[in-house]
Structures are given as structure tokens and as C-alpha cells.
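Down below is the structure, laid out as C-alpha cells.
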Amino acid sequence: MYRRGGAGIAAFDRHTQSTQSYSELSSSLTATQVASLQSQLATFRASLSRFASSHRSDIRRDPEFRRAFQQMCAAIGVDPLAGPRKGSWWAELLGLGDWQYELGVQVVGICVSTRERNGGIIEMRELLRLLTKLRGLSGIDGAITEDDVARSIKIMETLGAGYEIFQVGDKKMVRSVFKELDNDQAVVLEIAQSTNGRVDEKGVQSKTGWTVERVRVALDNMVFRDGLCWVDEDEQLGTVYWVPAVMIWYD
Amino acid sequence: AGYVLPSIHAWPPFFYQQPGAATQATQAEQWTRLILSYARHHRLFHLHPHPVHPPDPWADALANPRIKRSLKAPYLSSLLASLVAQGLAVYDPPKQLHSVLLYWRLPSEWAEILFDWASSTAQLNTILTFYEITNPPVPSPLVDLPLPLLRSAIAILAKSGRAQLIEGADGGGVRFFSPKPS
């Protein structure tokens with residue numbers, strides 16, 4: 001169970017722990033062996049730090065790159081998500097609590113994997129549901145609240161990864177792509193929220209008072225330019241637009 | 001166990017070929033996965049839209065009466081073309097664009113299964129007819145394997161010297177060879 005706390009406390013704990021481990025180890029090894037071990041660890045750690053530093057912007061900006069980096073770490077036996085027990089270099093490198101970082105990675109994972117379906121915008125409620133499901137499956141205990149997710153995303157915001165929480169109507173949305181919603185799209189999104197994701201030209205027009213052209217441009221952009229909308233031809237309703245970003249998917 | 005359709009199958013737009021490029025790609029990927037997993041689960045080798053003899057084993061996959069939607073012919077044709085282009089299906093019979101033979105297992109995978117079966121049933125170095133392979137006395141993974149697939153699998157084994165195709169007057173046969181001692 002990872003402890004949630006300030007980076008300061010966690011760092012102090014880690015230092016104490018590693019000092020203890022070294023002292024236990026040294027009683028069973030010769031001084032030379034210990035010195036050699038320490039020096040090798042220091043070298044390796046320095047290399048990893050250098051790599052992480054030089055690729056910091058890539059790691060922060062690109063979830064796929066970050067995943068690949070994590071896979072590489074796993075392959076060489078380094079667990080970047082490890083808690084204080086193993087010594088977390090990530091916390092030191094990026095100034096993050098382990099638990100928070102792990103949550104951030106999970107948030108990114110879900111946003112990336114749903115991006116094609118919803119265009120990079122997901123409702124907070126839905127994100128929370130998928131996170132809980134994901135953490136439940138992997139046996140990591142501890143319930144996730146909206147606050148936890150918000151804090152994680154706040155951190156990612158400062159990392160410049162394009163993640164942002166914004167409000168549409170009375171619902172919180174999470175954006176995971178660099179492109180911001182234009183104002184008209186935000187309005188359509190809000191309308192879609194109140195109709196379970198399904199909108200049509202007439203409905204948008206009556207709710208906004210926009211011209212037909214303006215409605216069409218907004219919907220077309222959502223369909224063709226931004227991948228936020230799916231289209232359906234309904235016998236009775238005509239052309240219907242669905243916005244996955246505001247729908248709940250049960251899979 | 002019954003086959004569980006993905007939840008997107010209950011969503012009307014899924015059946016309408018999407019005009020947006022990125023969305024269309026996602027949609028095609030979902031349909032590809034659905035078609036192949038459905039075929040694998042039900043052991044369906046062919047996808048014949050509108051079969052002559054009902055019932056249609058594909059009805060549940062390609063339509064959802066509850067939402068009054070079904071895959072229209074043009075979109076289905078496009079999906080089949082995509083499957084063929086990806087090497088996940090071939091048009092069968094050849095020279096038409098409506099029905100396909102599905103590779104929910106690739107011919108190379110069938111080749112290994114075929115050879116393992118021949119080996120484990122102690123039938124290496126004997127001549128087996130196609131019929132004997134697809135209608136064995138003891139059920140095997142090769143039961144009712146369509147002939148084009150069987151031939152593809154044999155051709156792959158022949159390339160590595162593990163089988164020899166034998167053409168006969170009424171149908172064909174094959175001899176499998178035990179691996180040469182190295």
C-alpha cells in the first residue's frame with residue numbers, strides 16, 4: 001500500500017531506508033565489495049538520470065515514449081513505479097510522489113487508449129470509472145477520488161503534456177490532446193451532455209440560435225477535423241451526431 | 001460459452017461507415033476484430049453475405065435488430081477488402097468480391113497444427129488424402145478445414161521439406177515427413 005504524503009517526508013524516509021540497507025549489507029560483504037557495489041550503483045544511477053534528463057521533455061510530452069521507457073526499465077530490472085522500498089528515482093528526477101506518479105501514468109494510459117474513440121476528450125466521471133476498474137483488476141488497493149485525479153492532471157499540466165481539466169456545463173472534462181476545443185465545439189459538447197451524447201443539426205440550432213451554416217461548420221469540424229463525433233443516418237431523425245466523449249461505455 | 005459482442009455493437013453509428021478518417025480507421029479496426037473473433041468462436045471459415053440457405057450464421061454479428069441497424073453491403077464489401085489487403089482473408093471462390101475465406105488462424109499457423117497432428121497421430125511418412133485429414137475418426141483441430149486453406153498449409157510445409165503434395169484423380173493427398181535427424 002503506497003503512502004500518500006508530501007515529497008519531503010517520502011524523501012527523508014527513503015534516505016533513512018537506504019542507509020539502513022547499506023549498513024546491513026556491509027556486515028556480510030567486505031569493505032572492497034561494498035565500495036565496488038556502491039560505485040557501480042552510482043554509475044548506473046547517473047546514466048539513468050542522464051538519460052531521463054536528456055529525454056525529459058519527450059518523457060513528459062509523449063505517453064508512448066514514456067511507456068517505451070518504462071518497458072526498457074522493466075527489461076533491465078528497474079521499476080520506475082517502485083515505492084520507497086526500492087528507491088524511486090522518478091520521484092527525485094521529476095519531483096513527484098510515487099503514488100501520484102503511478103496514478104498519472106494510469107490516467108495517461110486510459111486517455112491514450114480511448115483517444116481514438118473520443119477524440120482526446122473524456123468526461124471525468126468516465127475516467128474515474130475506468131481508473132477504478134483498472135486498479136481493481138491489478139489488485140492495487142485504495143479508492144481513487146476525483147481530487148486525486150485532478151492533482152495528477154495538475155502535475156501533468158505543468159509538465160506540458162497537453163492535459164487539462166475544463167468544465168462543460170456542470171460536468172468536468174479531461175482533455176489529453178494539445179488542441180483545445182473551440183468555443184462552438186464546447187457548446188455542442190454541452191448540449192450533447194444533456195442528450196446522452198446524441199445531437200442533430202436542428203437540435204443544436206434551436207438550443208443556440210445559430211445559423212444553419214454555423215451549426216454545420218461546428219459539427220463538420222468535430223467529425224472531420226477533430227474526430228470528436230461519429231455520424232449515423234437515422235430513418236426518423238435524419239443525420240445524427242454522436243459524441244463519445246460524453247458517453248459512458250460499459251465494456 | 002456464448003460469444004459476447006462488444007458494447008460498441010449496440011451503438012448505431014458503428015454500423016455506418018464513418019466519414020471522418022481517424023474515426024473510420026478505429027471503426028474498421030473494431031469490425032476486423034469482431035469479425036475474426038466471431039469466426040474463431042463459431043469456427044466459421046467463410047463469410048458469405050446473404051447465404052442462399054438460411055439460417056445465416058453471421059446474422060448476429062453483422063446486424064443488431066434491437067437498434068434497427070445492420071452492415072450495409074457497400075460498407076461490408078469495403079471491410080472485406082480491407083481484411084484481404086491485410087492478409088487476414090482471401091476471396092473465395094476466387095475472382096469475385098463478395099465472399100471471403102477468413103484467416104482467424106493464418107495459413108502458417110494451420111501448417112504447424114497440421115504437422116503436429118500428423119506427427120502425434122503417428123501418420124508421418126504415410127500418404128493421407130485430404131478427406132482423411134478433414135474428416136478424421138478422432139476429432140482434431142483440422143475437422144472441416146476448407147481445402148484452399150489445407151492446400152496453403154501444405155504448401156508452407158512443402159517449402160520446409162516437411163510435406164509433399166500428391167495430386168490424385170479424385171482429390172489430393174499429402175505425405176508428411178518426419179524431421180531428418182541433424
query = For residues in segment A:215-231 being facing another protein chain (nearest Cβ under 7 Å) and either at pLDDT 90 or above or assigned to a helix (DSSP H, G or I) (or both), which is nearest to A:P244 (Cα to Cα)?
reply = A:W230
task = Determine, yes or no, whether A:D234 is among the acidic types (D, E) and either facing another protein chain (nearest Cβ under 10 Å) or under 27 Å from A:K133 (Cβ atoms) (or both).
result = yes
inquiry  = Restricting to segment B:63-72, count the residues that are part of a helix (DSSP H, G or I) and touching a Pro at 6+ places or on another chain (Cβ under 7 Å).
reply    = 1
key: segment B:1-21 - residue that is more than 8 Å from chain A (Cβ to nearest Cβ) and assigned to a loop (DSSP other than H, G, I, E, B) and, of those, surrounded by the fewest Cβ atoms within 10 Å (Cβ to Cβ)   = B:A1
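Residue by residue, here is whether (1) within 24 Å of B:S7 (Cα to Cα); (2) within 13 Å of chain B (Cβ to nearest Cβ) holds:
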| site | (1), (2) |
| --- | --- |
| A:S194 | yes, no |
| A:V204 | no, no |
| A:E213 | no, no |
| A:M247 | yes, yes |
note = Residue hits (segment A:165-176; out of contact with any helix residue (DSSP H, G or I) (no Cβ under 6 Å at 6 or more places or on another chain) and buried (at least 18 other Cβ atoms within 10 Å of the Cβ)) are A:M173, A:R175
message = Being in contact with a strand residue (DSSP E or B) (Cβ under 8 Å, 6 or more places away or on another chain), within 21 Å of A:I110 (Cα to Cα) and of a type outside the set (S, T, Y) narrows it down to one residue among A:I191, A:I165; which is it?
response = A:I165
query = Which residue, of A:L127, A:L134, A:L96, is crowded, with 17+ Cβ neighbours inside 10 Å and either at pLDDT 80 or above or touching a strand residue (DSSP E or B) at 6+ places or on another chain (Cβ under 8 Å) (or both)?
reply = A:L127
inquiry  = So B:R33 passes all but one of these: (1) part of a loop (DSSP other than H, G, I, E, B); (2) within 14 Å of another protein chain (Cβ to nearest Cβ). Which condition number does it fail?
reply    = (1)
ask   = Of the residues that make up segment A:209-223, is at least one surrounded by 15 or more Cβ atoms within 10 Å (Cβ to Cβ), among the hydroxyl-bearing types (S, T, Y) and more than 21 Å from A:I110 (Cα to Cα)?
value = no
ask   = Among B:R40, B:R66, which is surrounded by fewer than 19 Cβ atoms within 10 Å (Cβ to Cβ) and closer than 15 Å to B:Y3 by Cβ?
value = B:R40
key: Boolean, B:A28 is small (G, A, S) and away from chain A (no Cβ under 14 Å)   = no
query = Do the conditions hold for B:L149, that is, is it in contact (Cβ under 8 Å) with a residue 60 or more places away in the chain and in contact with a strand residue (DSSP E or B) (Cβ under 6 Å, 6 or more places away or on another chain)?
reply = no
message = Looking at B:T26 and the list (1) modelled with pLDDT of 90 or more; (2) under 25 Å from A:N118 (Cβ atoms), which single condition is not satisfied?
response = (1)
task = Would you confirm whether any residue within segment B:24-40 is farther than 30 Å from B:T134 by Cβ, of a type outside the set (K, R) and touching a residue at least 24 places away in the same chain (Cβ under 8 Å)?
result = yes
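The values are calculated or read from the model by the stated rules, or taken from the named source; none is laboratory data. Computed from a prediction, not measured in an experiment: that's the story for all the values here. All Cβ positions, glycine included, derive from the backbone under ideal geometry; neighbour counts span all protein chains shown.
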